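Right, one structure below, let's go through it.
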Amino acid sequence: MLTLFSYPELFGVADNNPYGLKIFAFLKLCALEFRHVHILDARAAPRGQLPYIDDDGEILGDSDRIIAYLKLRNGLTIDGELSREQLRMDLLLRRLLDDLYWVMSYSRWSDETHWPLFRDEMLRTNPAVTLEMLEKARAYNFQRYFYQGVGRYASEDVYARGLADLGALAEMLPEHGFLFGPKPTSADAGVYGFIANIYFFKIDTPLRLFLDRHKNLVRHCEEIHSMVKAR
């Protein structure tokens, strides 16, 4: 059976990492049967990154590669009606979400205002997680932020970048339906992976406060959430 390996759930969200949640939502929207295994140690994963899948011995990482593989392997038509222009927009959207990832991650691990809430919920929700493990992960993330660049910004400049990403996304999402029409595509699964990891978290970062003011983002998130939870 197809197995998805990803980070643990948090605040009722199936994965506290947006890329793992993206794959989870994609699998649910496509009604593919799979087993979901939550892990913390990513050393055995391709390139040492989660999520990854094991499809009867075929090991594959990277969320975009996983989706491309699953569509080809299973003849999935979730993106079959997209035009070339929409496929280009899908690519640009994925790059925008890649940028948003760093700000969202920073808000949890680096911002001293929000780190204690994230830390305490991780400890409460996941008994296998220890404070020592989280502190080690935090130190590792500080290094990542520095070398990526976001760790060299003032806090307000970090959030300005993420809010600009969310602002562009808010202008793209319609009041009703999904990104490219009445049916969700893999792009909607990707958006859900990120927005759910902000909206459902009871941590009032500037990103979450932005969502509270943009009902189309919240509506989209809640609608996908109900679809993937119900299946």
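The values are calculated or read from the model by the stated rules, or taken from the named source; none is laboratory data. It should be emphasised that the depicted structure is a prediction, and the values quoted were computed from it without experimental measurement. Ideal geometry is used to build each Cβ from the backbone, glycine not excepted, and the neighbour counts take in all protein chains shown.
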The one condition in (1) among the aliphatic types (A, V, I, L, M); (2) not assigned by TED's automatic domain parsing to the domain that holds S186; (3) not in a helix (DSSP H, G or I) that A128 fails to fulfil: (2)
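Restricting to region 184-218, count the residues that are assigned to a loop (DSSP other than H, G, I, E, B) and either of a type in the set (A, V, I, L, M, F, W, C) or farther than 17 Å from K22 by Cβ (or both).
Looking only at that region, the number is 8.
Considering Y199, Y192, Y153, which residue is over 30 Å from G80 (Cα atoms) and either surrounded by fewer than 18 Cβ atoms within 10 Å (Cβ to Cβ) or not acidic (D, E) (or both)? Step through it out loud before you land on a result.
Values: Y199 fails: over 30 Å from G80 (Cα atoms); Y192 fails: over 30 Å from G80 (Cα atoms).
Being over 30 Å from G80 (Cα atoms) and either surrounded by fewer than 18 Cβ atoms within 10 Å (Cβ to Cβ) or not acidic (D, E) (or both) holds for just one of Y199, Y192, Y153, which is Y153.
Can you tell me which of D54, D41 is in the same structural domain as A14 (by TED's automatic domain parsing) and without any contact (Cβ under 8 Å) to a residue 40 or more places away in the chain?
Values: D54 fails: without any contact (Cβ under 8 Å) to a residue 40 or more places away in the chain.
Residue meeting the stated conditions: D41.
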Within region 146-157, how many residues are hydroxyl-bearing (S, T, Y), over 14 Å from E112 (Cβ atoms) and in a helix (DSSP H, G or I)? 1
Looking only at strands (runs of 3 or more DSSP E) that fall completely inside region 25-100, which ones have 1 or more residues that are of a type in the set (G, A, S)? 58-61
Condition first: within 28 Å of V37 (Cβ to Cβ), in contact (Cβ under 8 Å) with a residue 12 or more places away in the chain and among the aliphatic types (A, V, I, L, M). Now tell me which residues in region 123-171 satisfy that. A128, V129, L131, M133, L134, A137
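Residues of region 112-136 being closer than 20 Å to S155 by Cβ and surrounded by fewer than 19 Cβ atoms within 10 Å (Cβ to Cβ), which ones?
Quick first cut of region 112-136, residues closer than 20 Å to S155 by Cβ only: 112-119.
Once the filter is applied, which keeps residues that are closer than 20 Å to S155 by Cβ and surrounded by fewer than 19 Cβ atoms within 10 Å (Cβ to Cβ), region 112-136 yields E112, T113, W115, P116, L117, R119.
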